[in-house]
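Report on the structure given below.
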Amino acid sequence: MTTVSKRWIVAATLVLMIWPLAGCGGKKAQKRAQDLLLTPRETYRIAREEIQRDELRRALELLQRIDYRFGEDRSLLEPLVRLATADATFYQNNDIALIDARALYLDFVTLYGDHALAPYAQYQAGVCSLSQVNASSKDQTETLQAISDLRQVEVRFPGDRYASAARLMRRVAESRLVEYEIVVGRFYLKRKAYVAAIERFQTALGKFPDSTKTGDIYLALGEAMARSGDVDQGRFYLDRVVEDFAGSSLAKSAKKVIRDVDQTLKKASRGKSAAAL
């Protein structure tokens, strides 16, 4: 008797044993028994359909039940099952699930680095990290992790379509880090701790020169430098904002800072002239 035949006999026996329970809360048990009649490939297909319907618990149950011993090509199916398990975990969309899903995606990349879906798995690992990021004023550990995960897509799979998506997503993550540096820098700026503020802004500019927040950094850095007394260098960045972001709220803010600094300098100059007299 073949292995497949034995499997069908065992599964059919289970169905017959559980069938009488259908009328008294045994429908779930009956359904589980019927699931045993499915081939691994059929079970995988149904699990994917359950994921699409957002029936994630049911999908995970099916995926965990797959037994590769019964006439299936394990080398083809197992990677797909692992990835579907990661997806079903990811779509639960809570902190614990995101942590677990990231680990599952990275496991997939480790085990199947040459698989056609490896770029997707690495990309999803970055999405898991980025999804756990809090507001820009909070700890940014997960943002750094997301940037690292997403950069790996670009490094390991440069020609894949997910490399382009990862690049865009990485810039989003970098913008969050820049926002954090700006928040902290402006905290120092309000307290006239200009050296600390300038250091923050310069760090952000040096690490992420092509960030989508470049204009914000120029504005903040220019203001900090100008108010610290380094007016020429401050004006350089403020003028860049006026020119590069003409007509925007950033340009209006830069012009206001320039006027304020000019007025401060004029007052200081009149004060010196009066003192000389």
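General remarks:
- Considering the stretch 132-159, the residues that are buried (at least 17 other Cβ atoms within 10 Å of the Cβ) and over 19 Å from TYR105 (Cβ atoms) include one that is modelled with the highest pLDDT, namely GLN140.
- Qualifying residue in the stretch 140-152 (condition: under 30 Å from ARG235 (Cα atoms) and not assigned by TED's automatic domain parsing to the domain that holds ARG240): no
- Criterion applied to VAL109, VAL133 was being in contact with a helix residue (DSSP H, G or I) (Cβ under 8 Å, 6 or more places away or on another chain) and under 28 Å from ILE46 (Cβ atoms), and the one residue passing it is VAL109.
- Selection within the stretch 61-83 - without any contact (Cβ under 8 Å) to a residue 12 or more places away in the chain and either closer than 24 Å to ALA116 by Cβ or in the same structural domain as TYR120 (by TED's automatic domain parsing) (or both): ASP73, ARG74, SER75, LEU76, GLU78
- When the stretch 139-193 is filtered for residues that are basic (Lys, Arg) and more than 21 Å from GLN122 (Cα to Cα), the ones remaining, listed by number, are ARG186, LYS190, ARG191, LYS192.
- Filter pass, TYR188 being touching a Pro at 6+ places or on another chain (Cβ under 6 Å), part of a helix (DSSP H, G or I), touching a residue at least 12 places away in the same chain (Cβ under 8 Å) and of a type in the set (Phe, Trp, Tyr): no
- Taking the criterion of being at pLDDT below 95 and either exposed (fewer than 15 other Cβ atoms within 10 Å of the Cβ) or touching a Leu at 6+ places or on another chain (Cβ under 6 Å) (or both), the residues of the stretch 71-95 that qualify are GLY71, ASP73, ARG74, SER75, LEU76, ASN93, ASN94, ASP95.
- Number of positions in the stretch 173-209 that are within 18 Å of LEU144 (Cβ to Cβ), of a type in the set (D, E, K, R) and assigned by TED's automatic domain parsing to the domain that holds THR141: 4
- Residue in the stretch 96-114 that is surrounded by the most Cβ atoms within 10 Å (Cβ to Cβ), counting only those that are over 12 Å from CYS128 (Cβ atoms) and aliphatic (A, V, I, L, M): VAL109
- For ALA246, the test of being outside any helix (DSSP H, G or I) and not assigned by TED's automatic domain parsing to the domain that holds ARG167 is passed.
- Note on the stretch 160-178: residues that are of a type in the set (Asp, Glu) and surrounded by 21 or more Cβ atoms within 10 Å (Cβ to Cβ) total 1.
- Any hit, the stretch 52-60, residues being farther than 29 Å from VAL133 by Cα, crowded, with 18+ Cβ neighbours inside 10 Å and not assigned by TED's automatic domain parsing to the domain that holds VAL127: no
- For the stretch 191-228, a residue qualifies if it is surrounded by fewer than 16 Cβ atoms within 10 Å (Cβ to Cβ), assigned to a helix (DSSP H, G or I) and in contact (Cβ under 8 Å) with a residue 24 or more places away in the chain, and the qualifying residues are VAL195, LYS207.
The values are calculated or read from the model by the stated rules, or taken from the named source; none is laboratory data. Values in this document were obtained by computation on a predicted structure and should not be read as measured data. Please note: Cβ atoms are built from the backbone with ideal geometry, for glycine as well, and neighbour counts cover all protein chains shown.
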